[in-house]
Each structure stands twice: as C-alpha cells, then as structure tokens.
Amino acid sequence: MAKRKTVAGILQMKQSGEKITMLTAYDAAMAAMLDAADVDVLLVGDSLGMVVLGYDSTVPVTMDEMIHHASAVRRGAPNAFVVGDMPFGSYQSGTRDAILNGARFLKEAGCDAVKLEGGFEVCETVTALVQAGISVVGHIGLTPQTATQLGGYKVQGRDIESARKMIEEARALEKAGAFALVLECIPDELGKIISEEITIPTIGIGAGVHCDGQVLVTHDLLGMFDKFIPSFVKSYCTLAPAIKDAIHQYNSEVRSGEYPDEAHSFSGQSNLRELLVKT
C-alpha cells in the first residue's frame with residue numbers, strides 16, 4: 001500500500017521536476033478508483049455543487065455539504081492526500097471563521113489541506129490558517145466563486161496589467177504560506193512565468209503545460225457530461241452515451257420480462273408451492 005503523500009513530498013515533486021496529478025472526487029467509490037490509479041492529490045472541489053448537487057454555480061454549496069462529501073472521499077481513499085475546497089462564505093467573513101471552517105475539514109473529514117480562492121485579499125487568511133496548523137492551496141486566475149465579478153467564465157490575465165497583478169498575487173500567496181497554487185484559465189505563457197517565479201508547485205486547469213501539475217474535474221475527464229465541455233478539457237473516454245445506452249437496455253429488458261432471467265435469479269425447491277400448501 002502506497003504511503004500517503006505529504007506537503008513536503010508535494011513540494012519536493014516540483015524541485016525534482018516530477019509532474020503532479022490532481023483530480024476531483026466527491027464520493028467513496030470514485031475516490032477509491034482514483035487512489036488505486038495513483039493520482040497524487042484528490043480535490044473535494046466545491047464543483048460538486050454543479051457536478052453532483054445540481055446547483056447552477058458553486059456559490060450555494062455549504063460547509064456541511066463539503067464535509068459530508070469530503071468524509072466520504074476519505075473513507076474511500078484512506079491513504080490519499082485529500083484537499084477540501086472551502087466554499088463561498090466559509091472564509092470571507094474573517095480569519096476566525098476561516099480557521100473554524102478549515103479545522104472542520106481536518107477534524108471531521110480527515111482532509112490533509114484546504115483550498116481557497118483569491119489573491120491579495122486572502123493572504124492574511126492564508127497566513128492565519130497556516131499558523132493554525134492548516135495547510136493551504138491557493139487559487140487564482142478564474143475563480144468560480146466570484147466569476148460574475150470577473151465578467152463570467154473566461155480567460156483571465158490576457159492584458160499586461162492583469163498578468164502583472166497575477167504574478168504579484170502568486171508571490172504574495174507563497175509568502176503568506178500557501179504550499180501550492182491552482183492557476184485556472186490563464187494564457188499558457190503566463191502559467192509558465194508564474195511557475196518559474198515561485199518555489200511552490202502550480203497546478204494548472206486551463207493554464208498550459210508548463211505548470212508543475214494539472215487538475216481536472218473527473219466527470220469531465222471521463223466524458224460523463226455531454227451538454228458542455230470546457231475547451232481546455234480532454235475527455236479520455238465518453239461514458240455518458242454508454243451509461244445512457246445501458247440504462248435504456250435495462251428499461252427495455254425489465255419491461256419485456258427478459259430481466260431477470262434464470263441466470264440472474266435464485267433457484268429453490270421445485271415443489272415449493274406444493275409443500276407450502278401441505279403445511
């Protein structure tokens with residue numbers, strides 16, 4: 001059984017030039033499969049709001065929902081390095097709330113670290129969390145919790161001013177104590193510059209090949225959605241049509257009486273009815 005990764009080990013992966021893999025997990029079954037496939041980091045993302053819970057965005061997701069799913073992921077992958085995504089409203093109100101909610105991920109769900117979105121405005125919070133013993137992954141670029149303020153779900157850092165600000169924010173988050181940094185939806189050259197400018201690993205999602213690692217929503221990677229696929233996502237298989245076909249076949253066989261057949265039923269005494277009548 002592989003030994004659980006640590007913050008120090010993840011930092012060392014950047015130093016040795018070893019790429020880091022991260023994927024989202026929301027339940028025990030998927031977490032077990034990802035861990036068995038040797039994924040480095042499992043992210044219990046607040047994307048579960050849209051992927052699992054049916055919300056229109058990540059904003060409605062609550063702490064209780066995050067803890068519920070993070071706990072399931074930990075049960076499914078007891079030896080994985082698990083990061084819990086701090087949902088909207090769980091840290092914006094101040095460092096005290098951030099520490100209390102961050103601690104819940106560690107104490108109640110067994111997470112190894114937390115992730116939160118933002119640049120300069122969250123640096124004080126990052127420092128407070130780290131000082132409280134809670135390891136932190138930062139997240140800049142496109143930040144889904146505040147996407148409306150950024151003009152929607154679109155590439156960030158295209159102009160010089162915003163690119164320079166993002167570089168400075170990356171440095172500030174590293175100084176604040178974050179041990180890794182997610183870069184979402186930014187030009188690949190900016191992803192390369194930031195990755196070279198800071199000593200902590202960068203985990204890209206739509207940020208180019210030069211990041212120190214990559215993260216995707218697992219359901220996107222598996223092709224389980226066919227309504228919308230972000231342009232930066234590579235679907236390694238397309239499960240949605242296969243799942244629908246299997247369910248249609250099940251419906252058909254149940255309705256026709258074809259399922260369950262003899263091979264999928266339990267046999268008993270052939271004269272059971274007669275015996276029941278006699279007794």
The listed residue being among the acidic types (Asp, Glu) and either at positive phi or surrounded by fewer than 18 Cβ atoms within 10 Å (Cβ to Cβ) (or both), out of Asp35, Asp97, Asp112, Asp85 | Asp97
Take region 59-105 and flag every residue that is touching a residue at least 12 places away in the same chain (Cβ under 8 Å) and charged (D, E, K, R).
-> Glu65, Arg74, Arg75, Asp85, Arg104
For Val7, work out the one condition from (1) in contact with a helix residue (DSSP H, G or I) (Cβ under 9 Å, 6 or more places away or on another chain); (2) among the aliphatic types (A, V, I, L, M); (3) under 27 Å from Asp212 (Cα atoms); (4) surrounded by fewer than 19 Cβ atoms within 10 Å (Cβ to Cβ) it doesn't fulfil.
-> (1)
Of the residues in region 55-78, those that are over 13 Å from the mean Cα position of the chain (by Cα), under 15 Å from Lys115 (Cα atoms) and not in a loop (DSSP other than H, G, I, E, B) number 2
Could you list, in sequence order, the residues of region 252-279 that are outside any loop (DSSP other than H, G, I, E, B), of a type outside the set (Gly, Ala, Ser), under 43 Å from the mean Cα position of the chain (by Cα) and loosely packed, with under 10 Cβ neighbours inside 10 Å?
-> Arg255, Glu262, His264
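Every read-out reported here was derived from the displayed coordinates using simple, explicitly stated rules and does not represent laboratory data. Being a predicted model, the structure only gives us computed values, none of them experimental. Glycine also receives a Cβ, built like all others from the backbone with ideal geometry; neighbour counts cover every protein chain displayed.
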